[in-house]
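Participant: Questions regarding the structure given below will be posed in turn.
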Amino acid sequence: MKRIGIAGFLHESNSFSPIPTPYQHFKETSYTTGKSLLDRWEGTHHQLGGFLEGAKQFGFKPVPIFATYGIPSAPMSKESFEQLSSDMIGLIQTALPLDGLLLALHGAAVSEPFPDADGELLARIRRLVGPSLPIVSVIDLHANVSPEMINATHALISYRSNPHLDQRQCGIEGSSIIMRILNQEISPIQALECPPLLINITKQYTNEAPSKQLYSDLETVLNWPGILSASTAMGFYYSDVKDMGASFWAISDSNPSLAKKAAQWLAQRAWDRRQQFLGDLPNAKQAVHMTQSKIDGPIVLMDVGDNVGGGGPGDSTFLLSEIVCQKTSNALVVLFDPEAVLTCVEKGVRQSIDLLVGGKTDNHHGQPVRIKGKIRLISDGRSLDTQPRHGGHGLFDQGLTAVIQTLEGHLVVLTTLRSAPRSLEQLYALAIVPENMHLIVAKGVVAPRAAYEAIASQTIIVDTPGATTANPANFKFQHCRRSLYPLVKDVKYSASTL
Ligand SMILES: [Zn+2]
């Protein structure tokens, strides 16, 4: 039976995030090796769960090596990256000989010396295992794909849904491809095409236009004879790196010109619709005002500038300030504020409280807001969701958490850990019934919709300032590859083979 190593290292690095990314953060968030990797990931909706499922379906022995991830935050320090790389490569070396490697990466990892940290890691692994050992990697749809990532792998596959609900399926696809390579049924050739295109983060919901069309184009290419796989990654423009932007690639069976043609067809189709990918959103004041007249069901406000799943600090108060200022009723706001949680714990449940919340990480996410009310609940902040949710993690940990009912009737949830809103279980576990709220602030853009869409009467995406603000023109990029649309309006692109 073939022995295929399973490993993962996922970080989405935001060059504008105020949150540091030390080695210890990975150790504390999720760091598994050997059997603990199986215990953590088997049966999950993550691609690591898909790799393990693939072992059963296609009959190989999975060798669990190493898997870690951190929450999206600033680029890794040199020390952090080198330590993680050395842990991972050391364990791969110990696991040799292997017949192949299945890797879960993000594709938007940045470290201080290596802007393309995924490409660097893949190149190191390739040097260790030699040029011929099959390596197949499944990456995030928000990857900034580099030629180095393509060159070091036999096949690279990205998720095809945002929110990411197909991670497990992509893992199974990767398992199928690596086994077909090992059985000498196929010989994959990859071609990458990167038009100078940024897709606004608020236009990346794959269930709606304009992104829906990107993925129906992808389906078309997947049905071309001779195409083994193809991917469209929307990119992550909070990583200020050379390869930042949308990318398109295809994998053919021994046919370089077919792979190139497929990748370029996808890129040209997206480029031709580039104006549809521009953002056009209400600001915080306008968005809160829009909720005033509506009474039925929860209205979900997506706090784009403080997207915890993209490197936001989770304590932005721009929307909370507007909610207080405009005297909106029955709102739910979750804020990262460990200091305020400790104050609540000292006071105790059912006690009155008067404190300043949020706006403490830096000066770019609003001022702390004064709230008065009663401490309704204190919790360990943990919850479990067995449904497919963006990220595929299943387990959610907000750390020690306090729920405050304010005098105005709002619920303010204060957490000790930064935790992206991806599951309603994160709220049910706190005895909150989100269905009963008039207004819910979710610190994200698209990812929360997998959970919140089921209860939302309306979703409003809000152009708030911050580390993950929607408009790329708000950032001072220093390293991105060249003129990119829409940062430069008249940039030209034309696929060479079409
Ligand atoms: Zn993503």
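The values are calculated or read from the model by the stated rules, or taken from the named source; none is laboratory data. Keep in mind that what you see is a predicted model, and the values were worked out from it rather than measured. Using ideal geometry, Cβ is built from the backbone for each residue, glycine included, and neighbour counts are taken over all protein chains shown.
Participant: Please give the strands (runs of 3 or more DSSP E) falling wholly within segment 221-307 in which 1 or more residues are assigned by TED's automatic domain parsing to the domain that holds Q204 and among the small types (G, A, S).
Facilitator: By residue number, 227-233, 247-253.
Participant: Exactly one of (1) within 15 Å of the ligand (Cβ to nearest atom); (2) under 28 Å from I460 (Cβ atoms); (3) in contact with a helix residue (DSSP H, G or I) (Cβ under 8 Å, 6 or more places away or on another chain) is unmet by A209. Its number?
Facilitator: With respect to (1) within 15 Å of the ligand (Cβ to nearest atom); (2) under 28 Å from I460 (Cβ atoms); (3) in contact with a helix residue (DSSP H, G or I) (Cβ under 8 Å, 6 or more places away or on another chain), A209 is out only on (1).
Participant: Go through segment 428-451 and give me each residue that's more than 16 Å from the ligand (Cβ to nearest atom) and more than 21 Å from T291 (Cα to Cα).
Facilitator: Y428, A429, L430, A431
Participant: Turning to a different aspect of this structure: On the basis of being away from the ligand (no atom under 16 Å from the Cβ), touching a strand residue (DSSP E or B) at 6+ places or on another chain (Cβ under 7 Å) and of a type in the set (S, T, N, Q), does S254 make the cut?
Facilitator: When the stated conditions are applied, S254 passes them.
Participant: Would you check if G312 is surrounded by 24 or more Cβ atoms within 10 Å (Cβ to Cβ), under 28 Å from I139 (Cβ atoms) and small (G, A, S)?
Facilitator: When the stated conditions are applied, G312 passes them.
Participant: Do the conditions hold for S161, that is, is it touching a Phe, Trp or Tyr at 6+ places or on another chain (Cβ under 9 Å) and assigned by TED's automatic domain parsing to the domain that holds G8?
Facilitator: yes
Participant: Of everything in segment 384-398, what is more than 16 Å from the ligand (Cβ to nearest atom) and either assigned to a loop (DSSP other than H, G, I, E, B) or buried (at least 21 other Cβ atoms within 10 Å of the Cβ) (or both)? Give them in sequence order.
Facilitator: Residues satisfying the conditions are D385, T386, Q387, G394, F396, Q398.
Participant: Additional query: Pull out all pairs, ordered by first then second residue, where Cβ-Cβ is under 7 Å, the residues are six or more apart or on different chains, the first lies in segment 143-161 and is surrounded by fewer than 21 Cβ atoms within 10 Å (Cβ to Cβ), and the second is hydroxyl-bearing (S, T, Y).
Facilitator: Correct list of pairs: S161/T206.
Participant: A further question on this structure: Quick one: count up the residues across segment 8-29 that are under 13 Å from A74 (Cα atoms) and within 16 Å of the ligand (Cβ to nearest atom).
Facilitator: 5
Participant: I would also like to ask the following. What are the residues in segment 153-204 that are in a loop (DSSP other than H, G, I, E, B) and more than 16 Å from the ligand (Cβ to nearest atom), if any?
Facilitator: The answer is T153, H154, N183, Q184, E185, I186, S187, C194, P195, P196.
Participant: With the condition kept exactly as written, say whether any residue in segment 288-300 is more than 25 Å from the chain's Cα centre (by Cα), of a type in the set (V, I, T), farther than 30 Å from S496 by Cβ and surrounded by 24 or more Cβ atoms within 10 Å (Cβ to Cβ).
Facilitator: Checking segment 288-300: at least one residue is more than 25 Å from the chain's Cα centre (by Cα), of a type in the set (V, I, T), farther than 30 Å from S496 by Cβ and surrounded by 24 or more Cβ atoms within 10 Å (Cβ to Cβ).
Participant: Of all residues being away from the ligand (no atom under 16 Å from the Cβ) and in contact with a strand residue (DSSP E or B) (Cβ under 9 Å, 6 or more places away or on another chain) in segment 229-240, which is farthest from G310 (Cα to Cα)? Just the residue, please.
Facilitator: My answer is S229.
Participant: Same structure again: Give the residues of segment 117-152 that are more than 16 Å from the ligand (Cβ to nearest atom) and assigned to a loop (DSSP other than H, G, I, E, B), sorted by residue number.
Facilitator: G130, P131, S132, L133, P134, S146
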